[in-house]
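Read the structure below first, then the notes.
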Amino acid sequence: MGSVRDRLSTVVSQTRTVGRRVLERWRHAKHPWRGWRRWAVIAGEATAGLILVFAVVNLTLSLTTFRGDDPSARMRHELVGLWHSAPDGESLSQDGFISLYGRALGAEPSAEQIRAYVSDQAADDEFLLDHLLVDHIVQRFGRVDSRTLPVGVYVGAHALGPDGLPFVPVTKYLAHYLLFPRHAYILVVPPRGPAMTFSASQAGKFDPRADHPDELRAEIAPFDAEAYDFPSSGQALHEMTLITRDPRATTWAMDRLTAARDRLAESGTRYGLLAPNSNTVIGCILEQAGVVTRKERSAVILAFRAPGYGADCD
């Protein structure tokens, strides 16, 4: 036993020695300059290293958290959904919908079939709502409502990225897997009428002519192509959490969201990259509604996943 330990200790010691030698050579090879040039190279490499570490951490989190009971099926859903999500201004191919939903729903499912499918996916209160399905619903039935989505209140979260060419074919993958932080919003599906979204962001995102474009604002709008948080090529995958299926709660939710929007408009709060931001607004609404506790909002994983979600509500 002691012999094994001695060998292991020797291997570890030799590895450390080799590592130090390689590091020393790398330092001298990489930084032949002196003065500010040397420090500029060091600063550039340090920045690149931080970006790489950030991307690796985010990729790990993206592939290991919120994956459901069948991670492989979830991965296939994500990749197919991203692949077939067309850039802004282009129509989505019916082949994309069939490749993703053909086995479960067929080429032209009824509204009842779609609602039953989504209800089954949301059995554990979490599911993926993608650009392909939402676009198919709008094209077939005119709008998103209780015919195709179960009545209830949902919290959605999605990556942020550009929708147009030439960047979106690459950035949509980078945004979803390497840029782990998500933007949250609230979706309300009432028994009657269109599904409605509550979105928060900078005032200038909602109105380019806003007097104070850097202030934090909220918008309540139908869940359609004009909505801030409607699925698109740059934000093709929306991770949804079902808060309640109670039809009565949808009326209560709309009243509370309207009041929150008005209070935010009166507050003059400036938008912050980390906080207060859109995630802070959603987190505070959910806490005040008793959906989450202050401790749950402050969870470490949520701090990475939705920056600002756990910030103070003052």
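Since every read-out is calculated from the coordinates, none of them should be taken as a lab result. Remember, predicted model here, so these are calculated numbers, not experimental data. Here the Cβ positions follow ideal geometry from the backbone for every residue, glycine too, while neighbour counts run over all protein chains shown.
Just a few scattered comments:
- On Cα atoms only, tilt of 278-288 relative to the major axis of the chain in degrees: 60
- Simple spin-label estimate for residue 20 and residue 299 in nanometres, 7 Å along Cα-Cβ: 4.4
- Anisotropy class of segment 249-288 from Cα gyration tensor, a/c 1.5 cut: oblate
- Extension gain for the segment residue 120 to residue 262, taken as residue separation times 0.36 nm less the Cα-Cα distance, is 47.6 nm to one decimal.
- Degrees separating the helix 2-30 axis from the principal Cα axis of the chain, which is the longest one: 90
- Tensor-based shape of segment 116-260 (alpha-carbon gyration tensor, a/c under 1.5 rounded, otherwise prolate or oblate): oblate
- Among the trypsin sites (Lys or Arg not before Pro) in segment 194-265, those located in a DSSP loop and surrounded by at most 16 other Cβ atoms within 10 Å of their own Cβ are 209, 245.
- Taking a ≥ b ≥ c as the square roots of the eigenvalues of the Cα gyration tensor, the chain is classed as prolate, since a/c reaches at least 1.5 and a/b is larger than b/c.
- Loop-exposed GluC sites (Glu not before Pro) per DSSP, neighbour cap 13 Cβ within 10 angstrom, longest uninterrupted part of the chain: 91-225
- One decimal place: the segment residue 112-residue 45 gains 18.6 nm when fully extended, by the rule 0.36 nm per residue minus the C-alpha distance.
- With a simple spin-label model that places each label point 7 Å from the Cα along the Cα-to-Cβ direction, the separation between residue 221 and residue 59 comes to 3.5 nm.
- Taking Cα atoms only, the orientation of helix 247-267 departs from the longest principal axis of the chain by about 60 degrees.
- Estimated [θ] at 222 nm from DSSP helical runs (n ≥ 4, -39500 (n - 2.57)) normalised by residues in the chain, nearest 500: -16000 deg cm²/dmol
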